[in-house]
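Shown next, in structure tokens, is the structure this report addresses.
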Amino acid sequence: MLDVAKRANVALSTVSYALNGTRPVSDETRQRIFTAMQELGYRPHALARGLASKRSRIIALLFPASERGLGITELEFVTSAADTARENDYNMMLWPSEMHDPNELRQFTQQGLVDGVILMEVRLNDERVNLLREMGFPFSMIGRCADTTGLGYADIDFERTTQEVVSYLAGLGHKHIAFINQSESAFNAGYGPAVRTESEFRMAMQTAGLEGIERFCRPAPQAGYETCNELLAGHPDLTALITMNERAIPGIMQAVADRKWRIPDDLSLVGIVSSARVAELMTPL
């Protein structure tokens, strides 16, 4: 910074103000400083700036990927968050491990390594939310817990999504419709999408005057194959499937193909709460 100040013929403090924006610097002076930086190949040292400002300009995204892993839909959320962070002069780090002890998160945030946290895979009663609330540490959620009072989050409208898909299928004349959820362990843990979508499916089916069938399914093609076969064997009058388990879809489609059926002629299949890119990877039978 001293070399930059000398070349630009300004005070060292002026270089600092131009970089961190703490005080106004004229456009002409700022341009001289940036020109000097370019000529000298100078890049601000992130750790040094963090020590001086007591801010790391890093946001941590916590995605516990123990069961489902990072799929296409989740990846779109992650990359969008990373792009937005970069546009605002922040970096983003991904923490893909399950935090079994809330104190891990407490220690992580108290070390000054990150300025804020984004939570994914949010449960209705999420210990991470409770802890960050208690600490007063800045965070937001992709998804939401049961009590969102005073919290920032982005989430899918599960109620409208499920109502629309059930209404669509009922309008086509389907009377026997099944919903293939996420795994039973995810549901029992209170994973928000799994709980909310199943509840809305039941309500939407009741509104349509129909009785629905629900099944849990592990997030894997083989699990989708087995679940679809079990459903069709036990409910031969089934004509439509709804699923929010995108990793199970290839297995579901294989089970349909084994019967020499065609989608949607013999069985309708609707994937919800999923990226459009997932549909682009599928070839209807």
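Quick check: the angle from helix 221-234's long axis to the longest principal axis of the chain, C-alpha only, nearest 10 degrees?
Result, in degrees: 30.
On the Cα set of segment 60-163, report Rg and Dmax in Å, please.
In Å, with Rg to one decimal and Dmax whole: 13.7, 45.
Debye calculation, C-alpha points only, no solvent: report log10 I(q)/I(0) for segment 236-285 at q = 0.16 Å⁻¹, in the same order as the q values.
-0.42
Grab the Cα-Cα distance for Gln107 and Glu211, subtract it from 0.36 nm times how many residues apart they are, and report the gain in nm with one decimal.
Working: separation 104, 0.36 × 104 = 37.44 nm, distance 4.88 nm.
Stretched fully, the Gln107-Glu211 segment lengthens by 32.6 nm.
Taking the simple approach of a point 7 Å from Cα along Cα-to-Cβ for both Ser268 and Gln222, what is their distance in nm?
3.3
Identify which of the listed values of semi-axes √(5λ) of the Cα gyration tensor in Å was calculated from the structure shown: [x] 29, 22, 18; [y] 50, 21, 16; [z] 29, 28, 17.
[y]
Could you state how much accessible area Tyr168 has, in square angstrom rounded to the nearest 10, with a 1.4 Å probe and all protein chains kept in place?
140
Among Thr243, Pro193, Val278, which residue has its Cα positioned farthest towards the positive end of the charge dipole of segment 187-278, with +1 placed on the Cβ of Lys and Arg, -1 on the Cβ of Asp and Glu, and the dipole taken about the Cα centre?
Of the options given, the answer is Val278.
Given Cα pairs under 8 Å that are at least 6 residues apart, what percent is the relative contact order of segment 60-163?
After rounding, I find 26 percent.
Residue separation times 0.36 nm, minus the C-alpha to C-alpha distance between Asp27 and Arg259: what's the value?
So the chain would gain 76.4 nm between Asp27 and Arg259.
Which order do peptides 89-96, 106-113, 251-258 fall in by mean Cβ count within 10 Å, highest first?
On the way: 89-96: 15.0, 106-113: 13.1, 251-258: 19.2.
Peptide ranking by packing, descending: 251-258, 89-96, 106-113.
The values are calculated or read from the model by the stated rules, or taken from the named source; none is laboratory data. Since this is a predicted model, take the numbers as computed values, not measurements. Cβ sites come from the backbone with ideal geometry, for glycine too, and all protein chains shown count toward neighbours. Keep in mind that these areas ignore ligands, DNA and RNA; they rest on the heavy atoms of the full protein, side chains included. Shrake-Rupley method; radii C 1.70, N 1.55, O 1.52, S 1.80 Å.
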